[in-house]
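The values are calculated or read from the model by the stated rules, or taken from the named source; none is laboratory data. Nothing here was measured: the structure is a model prediction, and the numbers come from that model. Counting neighbours? That spans all protein chains shown, and the Cβs are built from the backbone with ideal geometry, glycine included.
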Amino acid sequence: MINEKIIVAGFGGQGVMLMGQLLAYAATNQDLNTLWFPSYGPETRGGTANCQVIISEEDIYSPVFSKCDTAIIMNGPSLDKFESRVAPGGKILINSSLVSREVTRTDIEVIKVPVNEIALELGNLKVANMVMLGAYLEVLKIFSIDDIIKVLKKTFGEGKSHLIDVNREALKIGSKSTK
């Protein structure tokens, strides 16, 4: 039974909202119930940004939740803010390129991924979010890379279709980075 509550958090400009939207759209494509709830800081680029996503086979009655099953953390301030929101037994995926402190809890699974370094190796720091999303896909196994690429093609449209290949590669490498 799928009933996944996710927090995705980082600085504005890191693609946090896009990750959440892609997960929600992929859920819709598979006839799952989903809600995407964005939250922006006062600045757009460089300020804090996070979103909450719910993916469920059951009806969803509220976009707000106090505890998440998985947190995707792209920077240090987001770890400070959301570490306590992960339910016991949950998972936290951390961008180890930007988060220097250790998780203090012992009741959650921690997956560290150096997403910025991987994105730079691919030649495009802007795909760091896709590296992290690839790691999430591998850990949770709700959607495939192809599911996300299908949504990405629709989201990007013809104008950004040239970016599909690098995003696909980032997703693939991200999925391998959790092993």
Notebook entry, point to check: Hey, Lys67 hits all of (1) surrounded by 18 or more Cβ atoms within 10 Å (Cβ to Cβ); (2) out of contact with any Phe, Trp or Tyr (no Cβ under 6 Å at 6 or more places or on another chain); (3) under 17 Å from Ile2 (Cα atoms) but one; which does it fall short on?
Noted result: (1)
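Going through the stretch 87-99 one residue at a time, which ones are over 15 Å from Tyr136 (Cα atoms) and either under 16 Å from the mean Cα position of the chain (by Cα) or modelled with pLDDT under 95 (or both)? First the steps, then the outcome.
If we filter the stretch 87-99 for residues that are over 15 Å from Tyr136 (Cα atoms), which is where we start, we get 87-89, 97-99.
Those that are over 15 Å from Tyr136 (Cα atoms) and either under 16 Å from the mean Cα position of the chain (by Cα) or modelled with pLDDT under 95 (or both): Ser97, Leu98, Val99.
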Check: Given (1) touching a strand residue (DSSP E or B) at 6+ places or on another chain (Cβ under 7 Å); (2) surrounded by 13 or more Cβ atoms within 10 Å (Cβ to Cβ), where does Ala119 come up short, assuming only one miss?
Finding: (1)
Margin query: Considering only residues that are among the hydrophobic types (A, V, I, L, M, F, W, C), assigned to a helix (DSSP H, G or I) and either surrounded by fewer than 21 Cβ atoms within 10 Å (Cβ to Cβ) or free of Cβ contacts under 8 Å to residues at least 12 places away in the same chain (or both), which ones fall in the stretch 122-144?
Written below: Leu125, Val139, Leu140
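For Asp147, state whether it is among the acidic types (Asp, Glu) and crowded, with 18+ Cβ neighbours inside 10 Å. Talk me through it step by step, then tell me what you get.
On the way: among the acidic types (Asp, Glu): yes; crowded, with 18+ Cβ neighbours inside 10 Å: yes.
When the stated conditions are applied, Asp147 passes them.
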Item checked: Long-range neighbours under 8 Å by Cβ, at least six apart or interchain, first residue touching a residue at least 40 places away in the same chain (Cβ under 8 Å) and among the small types (Gly, Ala, Ser) within the stretch 65-86, second buried (at least 17 other Cβ atoms within 10 Å of the Cβ) and outside any strand (DSSP E or B) -> Ala71/Phe82; Ala71/Glu83; Ala71/Arg85
Notebook entry, point to check: Is it the case that some residue within the stretch 136-151 is of a type outside the set (S, T, N, Q) and closer than 12 Å to Ile73 by Cα?
Noted result: yes
Check: Of the residues in the stretch 150-172, how many are surrounded by fewer than 19 Cβ atoms within 10 Å (Cβ to Cβ) and of a type in the set (A, V, I, L, M)?
Finding: 3
Notebook entry, point to check: Do we have Ala24 as without any contact (Cβ under 8 Å) to a residue 60 or more places away in the chain, farther than 17 Å from Leu140 by Cα and either buried (at least 18 other Cβ atoms within 10 Å of the Cβ) or of a type in the set (Lys, Arg) (or both) here?
Noted result: no
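In this structure, does Thr178 turn out to be at pLDDT below 95, in a loop (DSSP other than H, G, I, E, B), within 28 Å of Asn3 (Cα to Cα) and not aromatic (Phe, Trp, Tyr)? Steps first, answer last, please.
Values: at pLDDT below 95: yes; in a loop (DSSP other than H, G, I, E, B): yes; within 28 Å of Asn3 (Cα to Cα): yes; not aromatic (Phe, Trp, Tyr): yes.
Criteria met by Thr178.
Look through the stretch 117-161, keep the residues that are of a type in the set (Ser, Thr, Tyr) and over 12 Å from the mean Cα position of the chain (by Cα), and return whichever of them is farthest from Ala26 (Cα to Cα).
Among those residues, the one meeting the criterion is Ser161.
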Next item on the list: Provide a single number: the residues in the stretch 97-114 that are without any contact (Cβ under 8 Å) to a residue 60 or more places away in the chain and touching a Ser or Thr at 6+ places or on another chain (Cβ under 9 Å).
Entry: 3
Next item on the list: Looking for whichever is closer than 19 Å to Met130 by Cα and more than 14 Å from the chain's Cα centre (by Cα) here; the options are Gly20, Gly76. Which one fits?
Entry: Gly76
